[in-house]
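Chemist: Take this structure first; my questions come after.
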Amino acid sequence: VELNEADTRKLIDQQLRDVGWTVDTATLTYAKGARPEKGKNLAIAEWPTSSGPADYVLFLGLMPVAAVEAKRHNTDVSGSLQQAKRYSRTFALAPDQLSPGGPWGEFQIPFVFSSNGRPYLRQLATRSGTWFCDLRNPDNHGYALDGWYEPEGLKALLKRDDAIANQRLREEPFNYGFQLRPFQLAAIAAVEAAIAAGQREILLAMATGTGKTKTCIALVYRLLKVERVNRVLFLVDRSALGE
């Protein structure tokens, strides 16, 4: 199915609406007078920047937090993050708006998205999904999400400081109610170092009886304690382990 950008934006509108943003690419535009408002989470279309109008800027109340680039349905969406980054570089904060905390180097808005409205498919990774990048750290790379951040999710992400959390992880002792073996400590340290380096896929291979569950429990506890992550999905293959 070949969809042009206007039709794709209708899909993106609905996706943003489904997670809590107020959006209408036809009427909620800068040219038609749309502006950020206290207490509202608005996705305002065609917001002007000195490098051209951003397809959307997401506002938490009076605070701009994300620039969005929308592309035709079959366009490579990963590369479109570069255009969203240009909007972040050239965004000018109005006197009545609240700063999100920057600037971060050359960037004025902390987060960027690009999307062509398609659900994420791993076999079409660069041409599907909602691509996202946190610009507050220059080492961060863009990656595909299954969907859009809710307003509360972006608010929580804005408050999170990964650099501080990584430092706290390095200083966090292992004085828990159970003893960890040296290889379990090494495994946890290796995972935490990989996370701090920006690695997003990490595999630990451990033999039966070597304490996989204890290792994971300790790792999850540490990541949550220092607020390096907000939530963890922990899958197990037996109900006894879940309990």
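Chemist: Which numbered condition trips up His141, out of (1) of a type outside the set (Asp, Glu); (2) crowded, with 16+ Cβ neighbours inside 10 Å; (3) without any contact (Cβ under 8 Å) to a residue 60 or more places away in the chain?
Modeler: The single condition His141 does not satisfy is (2).
Chemist: Oh, and also: If you scan the stretch 159-207, which residues turn out to be touching a helix residue (DSSP H, G or I) at 6+ places or on another chain (Cβ under 8 Å) and among the small types (Gly, Ala, Ser)?
Modeler: Ala187, Ala196
Chemist: Could I ask something else about it? Out of all the residues in the stretch 95-120, which are open to solvent by 70 Å² or more (accessible area, probe 1.4 Å) and hydrophobic (A, V, I, L, M, F, W, C)?
Modeler: Leu98
Chemist: Let me ask another. Considering Ala194, Ala187, which residue is in a helix (DSSP H, G or I), more than 30 Å from Pro110 (Cβ to Cβ) and open to solvent by less than 40 Å² (accessible area, probe 1.4 Å)?
Modeler: Ala187
Chemist: Now a separate question. Going by the conditions given, is Glu37 farther than 18 Å from Gly147 by Cβ, in a strand (DSSP E or B) and open to solvent by 60 Å² or more (accessible area, probe 1.4 Å)?
Modeler: no
Chemist: List every residue pair whose Cβ atoms lie under 8 Å apart, where the two residues are 6 or more positions apart in sequence or sit on different chains, the first residue falls within the stretch 93-107 and is in a loop (DSSP other than H, G, I, E, B), and the second residue, located anywhere, is charged (D, E, K, R) and surrounded by 12 or more Cβ atoms within 10 Å (Cβ to Cβ).
Modeler: Partner pairs satisfying both residue conditions: Gly102/Arg136; Glu106/Arg89.
So that you can scan it fast, the table gives a plain yes or no per residue for (1) open to solvent by less than 90 Å² (accessible area, probe 1.4 Å); (2) modelled with pLDDT under 90:
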{"site": "Gln199", "(1), (2)": "no, yes"}
{"site": "Leu204", "(1), (2)": "yes, no"}
{"site": "Thr208", "(1), (2)": "no, no"}
{"site": "Cys216", "(1), (2)": "yes, no"}
{"site": "Leu223", "(1), (2)": "yes, no"}
{"site": "Asp237", "(1), (2)": "no, yes"}
{"site": "Leu241", "(1), (2)": "yes, yes"}
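Chemist: Could you check the stretch 43-61 and list, in sequence order, the residues that are surrounded by 18 or more Cβ atoms within 10 Å (Cβ to Cβ) and in a strand (DSSP E or B)?
Modeler: Ala43, Ile44, Ala45, Trp47, Ala54, Asp55, Tyr56, Val57, Leu58, Phe59, Leu60
Chemist: Please enumerate the residues belonging to the stretch 172-196 that are without any contact (Cβ under 8 Å) to a residue 24 or more places away in the chain and under 28 Å from the mean Cα position of the chain (by Cα).
Modeler: Ala189, Ala190, Ala193, Ala194 - these are the residues of the stretch 172-196 that are without any contact (Cβ under 8 Å) to a residue 24 or more places away in the chain and under 28 Å from the mean Cα position of the chain (by Cα).
Chemist: Do any residues in the stretch 198-216 that are on the phi > 0 side of the Ramachandran plot and in a loop (DSSP other than H, G, I, E, B) have Cβ atoms under 9 Å from those of residues that are among the hydroxyl-bearing types (Ser, Thr, Tyr) and surrounded by 12 or more Cβ atoms within 10 Å (Cβ to Cβ), where the two are at least six apart or on different chains, and which pairs are they?
Modeler: Filtered contacts from the stretch 198-216: no entries.
The values are calculated or read from the model by the stated rules, or taken from the named source; none is laboratory data. A quick note: this is a predicted structure, and the numbers were derived from the prediction, not measured. Positions of Cβ are generated from backbone atoms using ideal geometry, with glycine treated the same way; all protein chains shown enter the neighbour counts. Remember, those area values only see protein heavy atoms, side chains included, never the ligands or the DNA or RNA. Shrake-Rupley method; radii C 1.70, N 1.55, O 1.52, S 1.80 Å.
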